[in-house]
Amino acid sequence: MDRADQEGTLSAREREIAQAYASGDTYHQIAKRLVIAPSTVRTHLATIYRKLGVSSKIALHGVLSGETQITFPDIEESAALISELALSLEEAISRERALAAVLRIIGRTNGQLQEVMAAVLEHALELCDASFGILFEYAGASGYRCIYSRDISGSFANWLEEQGSFRVSPQTGLGRVETSHSVVSIPDVRAEAIYKSEDPLRYATADLGGARSFAAIPMLAGEDLIGAFTVYRQSVRPFDRKALDIASMFADQSVIAIQNARLVARLNTAVQGH
């Protein structure tokens, strides 16, 4: 089967996603360009792998470039399993690369705190395959404060800005992090009783932010909670435990990156003052 016939097995949207992914774009880059959720990109890719009978990004590129002929699997169920396993493997590799990336952030920190926070949150979203995220600072009695966000709605951003530093209910995700210092994953923020109680933070998360599945990963300095990054999906698709475990390790490294940026910024200010 020639290249035209191969690509003809895909819809226009599938061809667009396949070409972008084979060229090196991530789920998030594709999702942002096409204005869809990263999870939707993944669903399309699973279908693409199954239709083309490929099991890796390299093989996908080969089929799309005409270097490899399409081979249809004999058993549809086996093809679906192969495509799922292949995507899972590539996702695992991407997570490991993201973890290494934050170490590079630490190495090149030059006091640019906003850049460090942007990089940290971007990689957190990649690790967890999330739609949007928030980096919160925690200050004990003062509670939490949003210090950086990515891809959140304007109404949710305005609400967070109006709050400044704020305390949270123990039943919220951030409240549970405050108590347990451990990862909190909520399959559906609208299904919990606290949503029906009109808790301000849960209302803002669900109604202003459009969140459904949610996870909060604590950022710890020793035994002290200094912050958390929260990630959200706009459909009910609970976060994978393995991904959250890797995100937790990533959070530990992120603390070092952020603290280094703050330290360098203070040193630079002190030097400029003399």
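Coordinate-derived values only; no laboratory data. Predicted model, so just to flag it, every value in this text is computed and none were measured. Cβ sites come from the backbone with ideal geometry, for glycine too, and all protein chains shown count toward neighbours.
Neighbour counting of Cβ atoms within 10 Å sorts the residues S213, S169, fewest neighbours leading, into S169, S213. Peptide packing: for 26-36, 43-53, the average count of neighbouring Cβ atoms within 10 Å per residue gives the ranking 43-53, 26-36, highest mean first.
Relative protection proxy for 114-120, 190-196, from highest mean packing down: 114-120, 190-196 (other beta-carbon atoms within 10 angstrom).
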